[in-house]
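Q: Structure incoming, see below.
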Amino acid sequence: MRINLPIVIAFACIILLLLIGSLYSKSFLSPEYLLQQLKVASFLGVIATGMMLIILLGQIDLSVPWVLTTGAMMASAATAYGPLGEALAVPFGIACGVAMGLVSGAGVAYLRIPAMIVTLAINVIAQGLMVAYTGGFSPADTASDAMRYLATGNLILGVPNAILVWAAIGALAVFALNRTTFGRAVYAIGNRESAAFLSGAATQRVVMFSFAISGGLAAFGGVLLAGYAGKAAQSMGDAYLLPAIASVVLGGTSILGGRGNYLGTVAGVILVTLLQSILSVMQISEYGRQIIYGAVIVSMLLLYGREKALR
């Protein structure tokens, strides 16, 4: 059985961070604190699941920040329309993300526009639409009860619902990537799209729907974050673009596409969350945290790249 070095390194770093954190705070290893960290990680985990799908294709999705914000704002806005609006708030927010993802996917798959360009354009368009919708002010709409329950409730033995949601999405992702024609096509396209096309894969549809899924999961992440905070906020998604990409790549998914394991993405999400947490516990200034955070991510990526070059 072949050892996946990036996953091993990621889990080793998780253990190291837990040990370091315990030196600064006795509660760092407590079940309550660890469960809280998993809860925080679950929001990033949902978003990173969609990002992994795109990176496996050998593409990139830069629309995450404002697709996430749009999902949160539109879901919250739906609650103003009575019981029906509250009932449809979550699916409506997700649908907005899927729609934007479909536009990005169509641009990449059918118009052959580079993913970096089209997703960045969608991000700017979504930002403009949301600023126009709110008039440039903080949104007044609040999250629905369903949004709050998904993000902060506890359904099974005190386990936060957000963790269960991430687990369910992760299980679906593992099944789709490993057991379906769609998943095999994603890996094949990431390795060589022309070869996947010649083998009979519907490459354009797979790419388009992959971006739609990524958009839907980014928006769902926004819905959960709005439920966690009680309302949506301007630019609430800006803090999730780099962590989402870093989580996927730190978990061993090749940035060039065609290779990756969802367990690695889980490890990457937990690693990034713990790194952010321990930097806060150490009470390092904001600029210091950003420098250390970026340096650690770049160092690990360089380590992975070096390991691949030596094969």
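Q: Looking for whichever is among the small types (Gly, Ala, Ser) and in a helix (DSSP H, G or I) here; the options are GLY288, GLY260. Which one fits?
A: The conditions single out GLY288.
Q: Find the residue count for segment 1-32, including only residues that are part of a helix (DSSP H, G or I), free of Cβ contacts under 8 Å to residues at least 40 places away in the same chain and not charged (D, E, K, R).
A: Summing the residues that are part of a helix (DSSP H, G or I), free of Cβ contacts under 8 Å to residues at least 40 places away in the same chain and not charged (D, E, K, R) in segment 1-32 gives 10.
Q: Answer yes or no as to whether LEU172 is at pLDDT 95 or above, part of a helix (DSSP H, G or I) and not small (Gly, Ala, Ser).
A: Yes; evaluated as a whole, the condition is true for this residue.
Q: Here is a check on your reading of the model: is VAL40 open to solvent by 50 Å² or more (accessible area, probe 1.4 Å) and among the β-branched types (Val, Ile, Thr)?
A: In short, yes.
Q: Find all pairs meeting these conditions: Cβ atoms under 7 angstrom apart; at least six residues apart or on different chains; first residue within segment 141-170 and within 11 Å of VAL90 (Cβ to Cβ); second residue open to solvent by less than 40 Å² (accessible area, probe 1.4 Å) and aromatic (Phe, Trp, Tyr).
A: Pairs found: none.
Q: How many residues does segment 160-173 hold that are farther than 13 Å from LEU150 by Cβ and surrounded by 16 or more Cβ atoms within 10 Å (Cβ to Cβ)?
A: 2
Q: Right, here's the next one. Here are LEU56, LEU19, LEU34: which of them is aliphatic (A, V, I, L, M), under 24 Å from GLY264 (Cβ atoms) and either touching a Lys or Arg at 6+ places or on another chain (Cβ under 9 Å) or open to solvent by less than 40 Å² (accessible area, probe 1.4 Å) (or both)?
A: After applying the criteria, what remains is LEU56.
Q: Quick check: anything in segment 186-208 under 24 Å from ALA75 (Cβ atoms), among the aliphatic types (A, V, I, L, M) and in a loop (DSSP other than H, G, I, E, B)?
A: no
Q: Tell me whether segment 70-92 contains one or more residues that are closer than 14 Å to TYR240 by Cβ, of a type in the set (Val, Ile, Thr) and modelled with pLDDT of 95 or more.
A: Yes, segment 70-92 contains a residue that is closer than 14 Å to TYR240 by Cβ, of a type in the set (Val, Ile, Thr) and modelled with pLDDT of 95 or more.
The values are calculated or read from the model by the stated rules, or taken from the named source; none is laboratory data. Since the structure is predicted, the reported quantities are computational estimates derived from the model, not experimental observations. So basically every Cβ, Gly included, is an ideal-geometry build from the backbone, and we count neighbours across all protein chains shown. Just so you know, the surface numbers come from the protein's heavy atoms only, side chains and all, with ligands and any DNA or RNA stripped out. Shrake-Rupley method; radii C 1.70, N 1.55, O 1.52, S 1.80 Å.
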